[in-house]
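To start, the structure itself, in structure tokens.
The values are calculated or read from the model by the stated rules, or taken from the named source; none is laboratory data. Everything quoted here is computed from the prediction, not taken from an experiment. Neighbour counts are summed over all protein chains in view; Cβ atoms, including those assigned to glycine, are modelled from backbone coordinates with ideal geometry. Note: accessible area is taken over every heavy atom of the protein model, side chains too, but ligands, DNA and RNA are not part of it. Shrake-Rupley method; radii C 1.70, N 1.55, O 1.52, S 1.80 Å.
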Amino acid sequence: MVTKIHNQLPLSISPTSPIPSKFRDFVGGNHYLETMVETPVNGRIRQAFTVVNGLTSTPPSIAGSDCGIIEFTREDVEALLNEKAKKKERFNYKERCENMVDYIKRLKVCTRWFQDIEMSYSIEQERLKNSLEMTQQKSVQIELLLKIKEEEMNLIITEMRKNCTSLQEKLIKEEVEKSAAVDSLIKEREARHDIERSHTTLSEDIGKAQREIQSANQKISSLNEMYKRLQEYITSLQQYNGKLHTELSSVEDELKRVEKEKASAMENIAMLSAQLTLSISSQEEATKQKDDLAGEVASLRGELHQVRDDRDRRLSQAETLNADLMRLKESRENSCIELDSLTLKANELEEKSSLKENHIKTLQEQLATAEKKLQVSDISVFETRTEFVGKQKLVDELQRSLEDAEYKLIEGERLRKKLHNTILELKGNIRVFCRVRPLLHDESRSTEDKIFSYPTPMEASGRQIDLAQNGQKHSFTFDKVFIPEVSQEEVFVEISQLVQSALDGYKVCIFAYGQTGSGKTYTMMGRPGHPEEKGLIPRSLEQIFQTKQSQQPQGWKYEMQVSMLEIYNETVRDLMSTNRSSSENGTPGKQYTIKHDASGNTQVSDLTVVDVHSAKEVAFLLNQAANSRSVGKTQMNEQSSRSHFVFTLRICGVNESTDQQVQGVLNLIDLAGSERLSKSGSTGDRLKETQAINRSLSSLSDVIFALAKKEDHVPFRNSKLTYLLQPCLGGDSKTLMFVNISPDTSSVSESLCSLRFASRVNACEIGTPRRQTNGRATDSRLSYF
């Protein structure tokens, strides 16, 4: 039986076997087993395993023990695993078997204890995972609720603004209607006065017309009487004329009779003359008869002349009477025409007076209705005014709440920026601002070719930029993103506090990075001859000298020194040196070396340093350095910077009242632009310049990669540029990088590379900025960075 039990024992559970792999993590983990001390568990004292299983004495049986109340320490487990069998009789298998069974039971108890602990830990881990997931879900729900509430508030605010504008428009419309009603009332009153005046004049005209009508009627009656008399006179004249005509006809008949008699007398005379020839005897009688007849003829002729004269006189009288009759007819016709015209005028005046009376009545009615409308409009205006006052109060309250919300939003944004800057300063990250330049005249302005977009949510407003390439969207978040419409002044406002830090004794470095033609030099220097487009360097100097003047009453005195250099083809050049012309002509100039001391300051040997006292002096030096800087023409830019430009301003401040001393440095750097040879078309010297620029920027990228990965070795010495920027990238400086982007579709690949590089720069931690408040520097040589 002993042999059977012994054969059933596993070989790996011998007392001298090593710790099983299942328990090795528990036994080997000092952080776990060292905590297994005798501490109260669930209100009871945990018993040591040596007390429970009696390792110091003969091991008792634990067949009926409850493994749930036994806990182990590291020493217990090690003692259990290192326990050796007691050397007794070699062939006493029964006792050895019992010892082995007892050992196995204790191992099982320990194993169960480990399993229970492992199970409890797994349960606790699952519970923590569930609670973590629930917490995350709650946080997501809360964020969604906050976003929904924010959108609702924005909608409410927009609706309130719309209501406010509509009420204002309604008020303006009602005021306009009221003014129009008042104007119409004034016009109606003036028209009423005019109508009253015209009514009085019309009444006067009607009186005059009535008087004229009366006089005309009198004239007409007198004319009628005269006409009657004239008609009677004309009838009498006509009767007299008829009588004259009858007399004239009788005279004419008598004259005809006389002529007939004359003719007969002539015949008789002829007969008598014939008879005279026949009868001479009867000549005397004939002469006598002839004399008688001649007397009668003469008398008849006299009568005839009298009758003719009387006839002519009667005819002239008839003609005069006819002329008078015609004149009377004409005067009658004229008087009739005048009478008709007077009657027409009288009728027209009566019609006009009736029309005027009707118009006066209508105007009076309109005036009454207008007065009623005015009363109603006054009531409605009063009600509208009261409603407007209430609405205005509501609008004022909403405006105040909106202003409070906007103020809180602005203050929150300022606080966020301040906390963000504080976090970045504590973390030591390099701050990155992204600026997109506007499109040029010869570049495509189509909306379909637009590659950049700027999200507007609150958490990403002004900080995120999206780039679209080949249908794929790339999102980047920086400390600030400037759209193309942002002015130079707005850009400077964002960095003004960083410039102020240089006066407070910090090392400050601002450098511009980007491809050729992306606007780096414009951002740093601005456009010459346009004061409103000054760059960051002139504006920073103006702010520094203004602050210097404002701090003089507080006892501060500052000394400032300026130097400017460029790194051209991996060679340092002094832009303010007087011997620069000889080096440009091929004569070897000074060799400038970059040195770093133990305190973290950087010096360039034999570099020209100029004391400055005003912004005008620095502006003159900047203009001189800009004329001396290396520029060239490429296919991508008419005036491309072919070197890295470094402007340094050292500030030493002393407060005589407090004996406080500060030393600050402001470094403003315009890096040369990265470019591709296929696009720039550089050859000859331009090719060498491009290769040198790309090598230095590649070295800068290597340094950024090493800093981001926190490698032990950072290759600052691979380039003059990175070696000069070492205190900014790996020291205690406040560093800000401007990444300048071109919006042209042909530059989308370079823009994407620049944005990715800027994201890596933003993730780099370079250390916490340190304020330099030591004593005065004994060396007057300018230190950099």
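When only alpha carbons of region 114-153 are considered, Rg and Dmax amount to 17.0, 57 Å. Fully extending the segment from GLU351 to LYS616 would add 86.3 nm, taking 0.36 nm per residue of separation and subtracting the current Cα-Cα distance. With the whole protein complex present, GLU98 retains an accessible surface near 110 Å², based on a 1.4 Å probe. Checking the a/c ratio against 1.5 first, then a/b against b/c, what shape does the Cα gyration tensor give for region 692-731? Taking the square roots of the gyration eigenvalues as a ≥ b ≥ c, region 692-731 is oblate. Using R0 = 22 Å, the C-beta based FRET efficiency linking LYS208 and ARG332 works out to 0.25. Taking amide H atoms as placed 1.01 Å from N in the peptide plane, the amide H of PHE738 lies under 5 Å from those of PHE433, PHE511, ALA512, TYR513, each 5 or more residues away in sequence or on another chain. Lysine pair count for region 315-381 (Cα-Cα distance under 20 Å; residues 8 or more apart in sequence or on different chains): 4. Ranking of LEU80, LEU328 by solvent-accessible surface, largest first: LEU328, LEU80 (1.4 Å probe, protein heavy atoms only, all chains present).
Note on surface exposure: THR608, THR201, THR523 rank THR201, THR608, THR523 by accessible area, highest first, 1.4 Å probe.
Kirkwood radius for region 81-197, taken over all pairs of different Cα atoms as the inverse mean of 1/r, rounds to 24.4 Å. Solvent-free Debye calculation, one equal scatterer per alpha-carbon of region 452-529: log10 I(q)/I(0) at 0.13, 0.18, 0.19 Å⁻¹ equals -0.55, -0.96, -1.04. Taking 0.36 nm per residue of separation and subtracting the current Cα-Cα distance, fully stretching the chain between GLN549 and GLU196 would add 119.3 nm.
Legend: residues VAL140, VAL612, sorted from most to least accessible area (1.4 Å probe; ligands, DNA and RNA excluded), read VAL140, VAL612. Length gained on full extension, GLU365 to PHE91: 84.3 nm, using 0.36 nm per residue less the C-alpha separation.
Taking all protein chains as shown and a probe of 1.4 angstrom, LEU394 keeps an accessible surface of around 80 Å².
Treating each Cα of region 352-391 as one equal point scatterer and applying the Debye formula with no solvent, the log10 of I(q)/I(0) at q = 0.17, 0.21, 0.24 Å⁻¹ comes out as -0.55, -0.65, -0.73. Scanning residues 5 or more positions from ALA672 or on other chains, those with amide H under 5 Å from its amide H are HIS644, PHE645, with H placed 1.01 Å from N in the peptide plane. Once both labels are positioned 7 Å from their Cα atoms along Cα-to-Cβ, the gap between ASP597 and GLN115 label points is 7.2 nm.
Using R0 = 41 Å, the C-beta based FRET efficiency linking ARG229 and ILE186 works out to 0.05. Above 14 Å, the calculated P(r) of region 315-393 contains 78 percent of its Cα-Cα pairs.
Computing FRET efficiency as 1/(1 + (r/R0)^6) for SER122 and VAL101, where r is the C-beta to C-beta distance and R0 is 30 Å, gives about 0.45. Projecting label points 7 angstrom from Cα along Cα→Cβ for ILE142 and ARG676 puts them 4.8 nm apart. For SER203, the solvent-accessible surface computed with a 1.4 Å probe is close to 60 Å², ligands and nucleic acids excluded. Extending 7 Å from Cα along the Cβ direction at GLU169 and again at GLN218 yields two label points whose distance is 7.2 nm.
When Rg and Dmax are taken over the Cα atoms of region 488-604, they come to 17.3, 52 Å.
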